[in-house]
Each structure stands twice: as C-alpha cells, then as structure tokens.
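The values are calculated or read from the model by the stated rules, or taken from the named source; none is laboratory data. None of these values were measured; they are calculated from a predicted model. A quick note on method: Cβ atoms are made from the backbone with ideal geometry, for glycine too, and the neighbour counts reach across all protein chains shown. Each accessible area value is taken on the protein alone, full model and side chains, heavy atoms only, with ligands, DNA and RNA left out. Shrake-Rupley method; radii C 1.70, N 1.55, O 1.52, S 1.80 Å.
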Amino acid sequence: LRLELMTGLYAPGSKISIRGLAVSLNTSAPPVREAIFQLVREGALELRPGYQPRVPVLDIPVYLNIRETRVPLERLAGELAAVSITAEEIESLRRYHRGFQEGEANEDWRGALSSNQAFHFTIYRASKNDTLVRVIENLWLLAGPFVSSQYPHIRQAASEVHPHLLIIDALERRSPAEAGELLVRD
C-alpha cells in the first residue's frame with residue numbers, strides 16, 4: 001500500500017476500502033486496518049470519525065514544504081551513492097529509465113511513475129544509509145499522490161537530454177556534487 005501511494009495508484013481524495021483492499025490482497029481486514037492506521041499516523045492517509053480512510057488532498061504550500069525538505073536529503077543520497085554505487089546498480093538504473101521512457105511513450109503514467117520511483121530509490125539505497133532512505137521514502141509517501149495527479153501535465157520536453165541519463169553519467173564518473181545536484185534538479 002505504501003508503494004502504491006508513493007507511485008500514485010491512489011489519487012488525492014481517493015477513499016480506501018478496508019474490505020476491498022483485504023479482498024484484493026487475499027487477506028483479512030485486521031492486518032489491512034492496522035496498515036491503514038500506520039499510514040494515518042505517518043500522514044499518508046486521513047481518517048475522520050465515521051468516514052472511510054482517504055488520501056489527503058495536499059495544497060501547493062504543503063507540497064512545497066515537502067519538496068523543500070526532500071531537496072537536501074536527496075542531494076545527500078546522490079552524493080553518497082556516487083561514492084559507493086555498483087556496476088549492477090548502474091545497469092538497474094538504465095533498465096528503470098528504459099521502463100520510464102516506455103511508460104511515457106505509451107502514456108502509461110502509472111508505469112512511468114513506478115519506473116521513476118524504482119530509479120530514484122536504487123540511487124537512495126546505493127547511498128548505504130538506511131536512515132536516509134527511510135526519511136526520503138516517508139516524504140515520497142506524502143507527496144506521491146499529489147505528484148502523480150500532476151504528472152501528465154509536467155512532463156519534460158522530448159528534445160532535452162533526460163535528467164536520468166545525466167544522473168547515470170555523473171554516478172558512473174563518481175562525481176558526488178554533480179550527481180547530487182542533478183538528482184535534485186530531476
């Protein structure tokens with residue numbers, strides 16, 4: 001459910017059915033309810049008495065606060081990753097970028113966002129700092145539905161070199177400052 005929220009499976013304002021989710025996950029309602037309550041505690045879902053849990057509708061100032069918090073953390077993750085990323089992780093980045101491009105080309109926004117999330121989290125995990133990765137994940141969790149609802153309208157021009165390719169290049173050259181800055185720009 002966390003991953004689905006982060007990648008925009010649920011739009012802002014979407015109601016979450018505990019019973020429906022339990023059926024789709026082939027489990028009972030109590031573990032789903034506990035997951036929902038955990039996500040409510042983290043701010044990823046809202047729960048008002050007498051209502052179904054729902055995805056919060058962020059306003060722009062709240063989103064900007066989240067983004068402002070993410071910037072230095074993602075920069076740090078990119079800098080740390082440039083020092084320790086492996087050849088296998090670089091190859092994974094290329095594969096996720098191809099999935100991202102295919103998703104965009106086919107107007108499969110969910111697929112594109114999922115590949116984008118996998119791309120970024122491969123870099124964050126390459127930082128070898130689990131605490132940093134968890135904090136960034138929580139911020140993505142809060143912003144995911146908002147970003148996904150805006151995504152089709154904010155895509156980059158096709159004529160530009162995609163930031164993912166520039167990030168991969170900086171990581172391959174082991175350039176921490178450049179990798180961090182490019183990650184923030186993306």
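Taken over segment 6-59, the criterion of being under 18 Å from V135 (Cα atoms) and in contact with a Pro (Cβ under 6 Å, 6 or more places away or on another chain) is satisfied by L45 alone. Could you check, for segment 77-100, whether at least one of its residues is of a type in the set (S, T, N, Q), open to solvent by 20 Å² or more (accessible area, probe 1.4 Å) and either at positive phi or under 17 Å from the mean Cα position of the chain (by Cα) (or both)? Yes, that holds for at least one residue.
Quick check on segment 147-166. Is at least one of its residues at pLDDT below 95, buried (at least 18 other Cβ atoms within 10 Å of the Cβ) and farther than 28 Å from N65 by Cβ? Within segment 147-166, not a single residue is at pLDDT below 95, buried (at least 18 other Cβ atoms within 10 Å of the Cβ) and farther than 28 Å from N65 by Cβ.
Every residue, every condition in (1) open to solvent by 80 Å² or more (accessible area, probe 1.4 Å); (2) touching a residue at least 24 places away in the same chain (Cβ under 8 Å); (3) part of a loop (DSSP other than H, G, I, E, B), yes or no:
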| position | (1), (2), (3) |
| --- | --- |
| L39 | no, yes, no |
| P49 | yes, no, yes |
| L64 | no, no, no |
| R70 | no, yes, no |
| E74 | no, yes, no |
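Here R173, R134 are screened, and the one residue that is modelled with pLDDT of 95 or more, under 16 Å from the mean Cα position of the chain (by Cα) and not polar (S, T, N, Q) is R134.
The set of residues from segment 20-37 being without any contact (Cβ under 8 Å) to a residue 12 or more places away in the chain and not hydrophobic (A, V, I, L, M, F, W, C) comprises G20, S24, N26, T27, S28, P30, P31, E34.
Failed condition for F119, given (1) at pLDDT below 95; (2) closer than 19 Å to A177 by Cα, with all others met? Unmet for F119, out of (1) at pLDDT below 95; (2) closer than 19 Å to A177 by Cα: (1). The set of residues from segment 1-27 being open to solvent by less than 60 Å² (accessible area, probe 1.4 Å) and over 27 Å from G103 (Cα atoms) comprises S17, I18, G20, A22.
Residues checked against (1) closer than 24 Å to L64 by Cβ; (2) touching a Cys at 6+ places or on another chain (Cβ under 7 Å); (3) not polar (S, T, N, Q):
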{"site": "L93", "(1), (2), (3)": "no, no, yes"}
{"site": "Y96", "(1), (2), (3)": "no, no, yes"}
{"site": "N106", "(1), (2), (3)": "no, no, no"}
{"site": "G111", "(1), (2), (3)": "no, no, yes"}
{"site": "F119", "(1), (2), (3)": "yes, no, yes"}
{"site": "L171", "(1), (2), (3)": "no, no, yes"}
{"site": "G180", "(1), (2), (3)": "yes, no, yes"}
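Residue check: G99 meets all listed conditions (1) closer than 22 Å to V184 by Cα; (2) in contact (Cβ under 8 Å) with a residue 24 or more places away in the chain but one, namely (2).
Quick check on this structure: which one of A44, A81, A35 is out of contact with any strand residue (DSSP E or B) (no Cβ under 8 Å at 6 or more places or on another chain), outside any helix (DSSP H, G or I) and hydrophobic (A, V, I, L, M, F, W, C)?
Details: A81 fails: outside any helix (DSSP H, G or I); A35 fails: outside any helix (DSSP H, G or I).
When all the criteria are applied, what remains is A44.
Among the residues making up segment 101-114, none is under 15 Å from the mean Cα position of the chain (by Cα) and at pLDDT 95 or above.
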